[in-house]
Amino acid sequence: MSWGTELWDQFDNLEKHTQWGIDVLEKYIKFVKERTEIELSYAKQLRNLSKKYQPKKNSKEEEEYRYTSTRAFLATLNEMNDYAGQHEVISENMTSLITAELTRYVQELKQERKSHFHDGRKAQQHIETCWKQLEASKRRFERDCKEADRAQQYFEKMDADINVTKADVEKARQQAQLRHQMAEDSKAEYSSTLQKFNSEQHEHYYTHIPNIFQKIQEMEERRIVRIGESMKTFADVDRQVIPIIGKCLDEITKAAESVDHKNDSQMVIEAFKSGFEPPGDVDFEDFTQPMKRTVSETSLSNSRGDGKSEPKFGSKSKGKLWPFIKKNKGAGPEDFSNLPPEQRRKKLQQKVDELNRDIQKEMDSRDALTKMKDVYIKNPQMGDAASVDHRLAELGQNIEKLRLEVQKFEGWLAEVEGRLPARTEQPRRQSGVYEAQNPSGVNSCAQDRESSPDGSYTEEQSQETEMKIPATDFDDEFDDEEPLPTIGTCKALYTFEGQNEGTISVAEGELLYVIEEDKGDGWTRIRRNEDEEGYVPTSYVEVYLDKNAKDVHKPLQKISE
């Protein structure tokens with residue numbers, strides 16, 4: 001099967017077909033190029049998507065990634081980033097192995113095709129020239145033959161005419177012989193040209209054209225093989241990244257399988273556990289006994305009934321809030337005393353660990369400088385040993401300061417760990433009768449360590465009654481605030497001494513106004529009068545929400561026993 005023998009007369013069609021083959025190759029190159037652009041675009045979008053959902057550094061969102069579910073999501077984002085990288089590899093490999101190679105090959109193919117068809121046209125022109133020479137020789141031989149016949153006929157006519165002179169006959173005879181000789185010469189030339197043409201034509205159709213067409217056929221077959229190999233490479237490039245993509249997907253699956261709901265639940269406990277014990281049972285109050293109900297000696301109502309001019313506990317001017325819940329402009333205390341016991345212990349432990357790491361860094365730096373100083377002492381040409389003394393002194397001072405800080409925080413940590421409530425016996429909430437019989441019983445767990453509305457707390461106060469200085473200069477910006485509207489009333493079920501900033505003391509049975517409901521933190525904000533408001537534990541009051549509550553400035557009366 002050869003184009004040279006089978007398609008010897010299809011020069012023009014072969015020219016069109018090979019041009020079509022080059023067009024197909026260029027179309028495939030364009031297809032692959034667009035595919036690489038899609039892969040790059042897809043990889044870019046995947047990277048942007050992964051970056052969009054990455055946690056921001058030093059933000060609350062970053063803290064949320066300590067849970068197994070969010071860590072699994074973070075691992076998924078990281079794997080998607082690697083997944084995008086594999087699509088970039090696909091694009092790069094297709095560009096280098098297919099697009100660039102085929103583009104260069106097309107240029108070579110065009111040059112080769114041009115050369116082959118140039119040789120074909122040259123061979124065609126040569127055979128056409130030989131044909132024209134043969135036609136010219138043939139026409140000349142035909143003309144000379146006709147001229148010889150006419151000369152012969154003229155000689156015969158002159159020779160038969162008796163009136164013609166012998167000289168004229170001889171002249172006619174010589175002319176006839178000359179024409180015959182010319183005809184013979186033309187015949188010989190025509191015969192030679194014909195043989196030459198036949199030889200050239202045979203060479204053309206059986207040697208030159210088959211060779212040229214064979215080269216064109218080989219060129220076309222190489223093009224077909226090349227495009228087939230490129231298509232295989234197209235698939236192989238994708239196949240090569242499948243194992244890595246598979247590993248990415250395996251890592252995502254592994255991250256998903258690492259999600260531990262029990263562990264996450266435990267972490268929620270560790271994150272928000274206050275360390276307080278829940279309130280104990282309420283004692284039964286037997287009103288059939290002939291006894292007079294009294295309140296605790298330390299109750300607020302007693303101190304008022306005795307007419308003693310005691311300062312108000314925890315009373316605040318209107319709008320005064322805790323410094324760490326609303327409009328907080330400063331950091332919390334250094335010892336984290338505003339946090340519940342468990343949270344405080346964790347914070348202190350973290351601080352101790354952080355300080356120990358800083359000490360280790362400083363010690364490593366000091367050791368490195370000490371070695372450098374020894375080298376300088378042994379080899380003075382390398383440097384001045386005295387030049388590092390100042391830095392060594394600084395490091396020593398820093399280490400000493402850090403150790404003092406560690407001692408301070410370890411002291412606070414020991415204090416917290418020693419004062420965490422034991423979980424052996426549940427404390428009991430005391431009623432009025434029990435308080436009368438056992439005044440010291442008013443110090444329930446809620447008063448030992450009172451949590452604030454946002455989960456913070458302060459250590460228990462000393463048994464002696466401490467006077468709270470009215471916070472008249474806390475934050476001037478609160479002085480101009482309008483009082484919150486009342487949303488209902490409440491009755492104090494138990495006596496509560498508000499010894500923490502932001503709380504208010506109430507006596508059992510006292511009726512007060514509610515200005516802010518419990519938001520889930522266990523505290524309700526109440527108001528006694530225009531200048532006295534604060535937080536009390538929600539479990540210490542019975543709330544009656546009423547949209548048409550009494551006016552905030554109207555004085556309240558204590559409910560009789």
Taking 26 Å as the cut-off for C-alpha to C-alpha distance, list the pairs among 373/401; 347/401; 114/196 that go past it. 114/196
Given points 7 Å out from each Cα along the Cα-Cβ axis, report the residue 188 to residue 78 separation in nanometres with one decimal. 10.1
Of all trypsin sites (Lys or Arg not before Pro) in segment 14-65, which ones are in loop regions per DSSP and have a Cβ with at most 15 other Cβ atoms within 10 Å? 56, 57
How long are the three semi-axes of the equivalent ellipsoid for segment 30-153, computed from the Cα gyration tensor as the root of 5 times each eigenvalue, in whole Å, largest first? 83, 9, 8
What is the calculated FRET efficiency for residue 10 to residue 196, with r their C-beta to C-beta distance and R₀ = 25 Å, to the nearest 0.05? 0.40
Karplus couplings for segment 129-140 from phi (6.51 cos²θ - 1.76 cosθ + 1.60, θ = phi - 60°), rounded to Hz, Gly and Pro as x? 5, 4, 5, 5, 4, 5, 5, 5, 5, 5, 5, 5
Any chance you could check the Cα centroid distance between segment 355-412 and segment 110-180 for me, in angstrom? 119
So if R0 is 60 Å, what FRET efficiency would residue 389 and residue 37 give, r being the distance between their Cβ atoms, rounded to the nearest 0.05? 0.45
May I ask you to derive the FRET efficiency for residue 350 and residue 103 from their Cβ-Cβ distance with R0 = 45 Å, giving the value to the nearest 0.05? 0.15
Could you tell me which residue out of 396, 339, 356 lies farthest along the dipole of segment 332-407 toward its positive end? Charges go on the beta carbon: Lys and Arg +1, Asp and Glu -1, centred on the Cα centre. 339
Do the alpha carbons of any pairs in 262/351; 247/351; 57/346 sit beyond 32 Å of each other, and which pairs? 247/351
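Every number here is computed from the coordinates shown, using simple stated rules; none is lab data. Since the model is a prediction, treat every value here as computed from it, not as a measurement. Cβ atoms come from the backbone with ideal geometry, glycine included; neighbour counts cover every protein chain shown.
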